[in-house]
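Colleague: Have a look at this one.
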Amino acid sequence: MSRTLIHNLSISLDGFATGEPQSAEAPFGHAGQRLHEWVFATRFWALQTSSDDATDVGGSVGVDDAFAGRHGLGVGAEIMGAHKFGPPGWQDDPDWRGWWGPDPPFHTPTFVLTHHRRPPMVMEGGTTFHFLDASPTEALATARAAAGGLDVRIGGGPTVVRDFLAARLVDHAHLVQVPVVLGRGVRLWDGLEGLEDDYTVEAVASPSGVTHLTLTLRSDT
């Protein structure tokens, strides 16, 4: 059965998944890349960014690499928010095609939640961006139909992830708590009091200093 997943979402010690202000020059605001340095050091990341003929890509193996490597397994569609697709104001730029260049890393139907709908955008590598003005429940039904029985990943940003968690639409979530304090930005946990009542929570510490948190929806929820 198709599951709804969150994977490799990094948050600070104070719960922020992005800093501020977001712009084309600073996609994560004042946070920069501090929340993502753990994954940049892994072999998984090295393999994603190496040329096809590379023989020694490097990168660390271990806990971080094992978790990071699950990112795309069995995923047939992705849902993301407007702020993950582009900086503030991208809706007014007809030439904006996302942060990732002509071949985005999703390689699946990808649904962008926005009040500014536009025609589907076909990219290289199997990614097609669809722009939906829909509730989490409606968006998930659309993405599941496109996933062909595979899983649906909720890719972020934190506002969209929070909405799906609040509606208990997420079956399994992998979050990475990074030992930095941002102080401001967009917090993941706001309004999610009591989430642990409906999810089994496990934590795995890594030598890199991050903590991998997994939340699994209880079967009786």
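Colleague: Within the stretch 40-96, can you find the residues that are of a type in the set (Asp, Glu) and in contact with a helix residue (DSSP H, G or I) (Cβ under 7 Å, 6 or more places away or on another chain)?
Modeller: Keep residues of the stretch 40-96 that are of a type in the set (Asp, Glu), which gives 52-53, 56, 64-65, 78, 92-93, 95.
Passing the criteria: Asp64, Asp65.
Colleague: Another question about this same structure. Output yes when any residue across the stretch 155-176 is part of a strand (DSSP E or B), touching a Ser or Thr at 6+ places or on another chain (Cβ under 7 Å), closer than 13 Å to Gly15 by Cα and of a type outside the set (Gly, Ala, Ser), and no when none is.
Modeller: So far as the stretch 155-176 goes, yes, one or more of its residues are part of a strand (DSSP E or B), touching a Ser or Thr at 6+ places or on another chain (Cβ under 7 Å), closer than 13 Å to Gly15 by Cα and of a type outside the set (Gly, Ala, Ser).
Colleague: To continue, here is another question. Return a yes/no flag: does the stretch 35-44 have any residue that is outside any loop (DSSP other than H, G, I, E, B), modelled with pLDDT of 95 or more, under 24 Å from His130 (Cα atoms) and in contact with a strand residue (DSSP E or B) (Cβ under 7 Å, 6 or more places away or on another chain).
Modeller: no
Colleague: Can you say whether Val122 is surrounded by fewer than 20 Cβ atoms within 10 Å (Cβ to Cβ), of a type in the set (A, V, I, L, M, F, W, C) and closer than 30 Å to Pro207 by Cα, as far as the supplied structure shows? Show your work before the answer.
Modeller: Working: surrounded by fewer than 20 Cβ atoms within 10 Å (Cβ to Cβ): yes; of a type in the set (A, V, I, L, M, F, W, C): yes; closer than 30 Å to Pro207 by Cα: no.
For Val122, the condition - surrounded by fewer than 20 Cβ atoms within 10 Å (Cβ to Cβ), of a type in the set (A, V, I, L, M, F, W, C) and closer than 30 Å to Pro207 by Cα - is not met.
One line per residue, one yes/no per condition, for (1) closer than 30 Å to Pro21 by Cβ; (2) under 13 Å from the mean Cα position of the chain (by Cα); (3) modelled with pLDDT of 95 or more:
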{"site": "Arg144", "(1), (2), (3)": "no, no, yes"}
{"site": "Pro158", "(1), (2), (3)": "yes, yes, yes"}
{"site": "Asp163", "(1), (2), (3)": "yes, no, yes"}
{"site": "Arg168", "(1), (2), (3)": "no, no, yes"}
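Colleague: Now a separate question. Tally time: how many residues in the stretch 54-68 are modelled with pLDDT of 95 or more and either under 26 Å from Leu113 (Cα atoms) or part of a strand (DSSP E or B) (or both)?
Modeller: Qualifying residue count for the region: 1.
Colleague: Something else about it: State the number of residues belonging to the stretch 89-145 that are in contact with a Leu (Cβ under 6 Å, 6 or more places away or on another chain) and not aliphatic (A, V, I, L, M).
Modeller: The number of residues fulfilling the criteria is 2.
Colleague: For the stretch 192-221, give me each residue that is out of contact with any helix residue (DSSP H, G or I) (no Cβ under 6 Å at 6 or more places or on another chain), among the small types (Gly, Ala, Ser) and assigned to a loop (DSSP other than H, G, I, E, B).
Modeller: Gly194, Gly209, Ser219
This table checks each residue for (1) surrounded by fewer than 15 Cβ atoms within 10 Å (Cβ to Cβ); (2) assigned to a loop (DSSP other than H, G, I, E, B); (3) of a type outside the set (A, V, I, L, M).
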{"site": "His7", "(1), (2), (3)": "no, no, yes"}
{"site": "Ala46", "(1), (2), (3)": "no, no, no"}
{"site": "Gly72", "(1), (2), (3)": "no, yes, yes"}
{"site": "Lys84", "(1), (2), (3)": "no, no, yes"}
{"site": "Pro87", "(1), (2), (3)": "no, yes, yes"}
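Okay, residues lined up against (1) within 23 Å of Trp38 (Cβ to Cβ); (2) among the hydroxyl-bearing types (Ser, Thr, Tyr):
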{"residue": "Gly125", "(1), (2)": "no, no"}
{"residue": "Thr128", "(1), (2)": "no, yes"}
{"residue": "Ala146", "(1), (2)": "no, no"}
{"residue": "Gly157", "(1), (2)": "yes, no"}
{"residue": "Arg162", "(1), (2)": "yes, no"}
{"residue": "His174", "(1), (2)": "yes, no"}
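Colleague: Might you let me know whether the stretch 54-70 holds any residue that is within 15 Å of Gly125 (Cα to Cα) and buried (at least 16 other Cβ atoms within 10 Å of the Cβ)? Please lay out each step first, then the result.
Modeller: The initial filter retains those residues of the stretch 54-70 that are within 15 Å of Gly125 (Cα to Cα), namely none.
No: the stretch 54-70 contains no residue that is within 15 Å of Gly125 (Cα to Cα) and buried (at least 16 other Cβ atoms within 10 Å of the Cβ).
Colleague: Name the pairs: first residue in the stretch 117-144 and assigned to a helix (DSSP H, G or I), second residue small (Gly, Ala, Ser) and surrounded by 13 or more Cβ atoms within 10 Å (Cβ to Cβ), Cβ to Cβ under 6 Å, at least 6 apart or on different chains?
Modeller: Partner pairs satisfying both residue conditions: Ala143/Ala77; Arg144/Ser2.
Colleague: What tally of residues in the stretch 181-194 results from selecting those that are surrounded by fewer than 18 Cβ atoms within 10 Å (Cβ to Cβ) and either within 17 Å of the chain's Cα centre (by Cα) or of a type outside the set (Lys, Arg) (or both)?
Modeller: Residues of the stretch 181-194 that are surrounded by fewer than 18 Cβ atoms within 10 Å (Cβ to Cβ), as a first pass: 181, 183-184, 189-194.
Restricting the remaining residues to those that are either within 17 Å of the chain's Cα centre (by Cα) or of a type outside the set (Lys, Arg) (or both) gives 181, 183, 189-194.
Total meeting the criteria: 8.
The values are calculated or read from the model by the stated rules, or taken from the named source; none is laboratory data. Computed from a predicted structure; not experimentally measured. Here the Cβ is made from the backbone with ideal geometry for all residues, glycine too, and neighbour counts use every protein chain on show.
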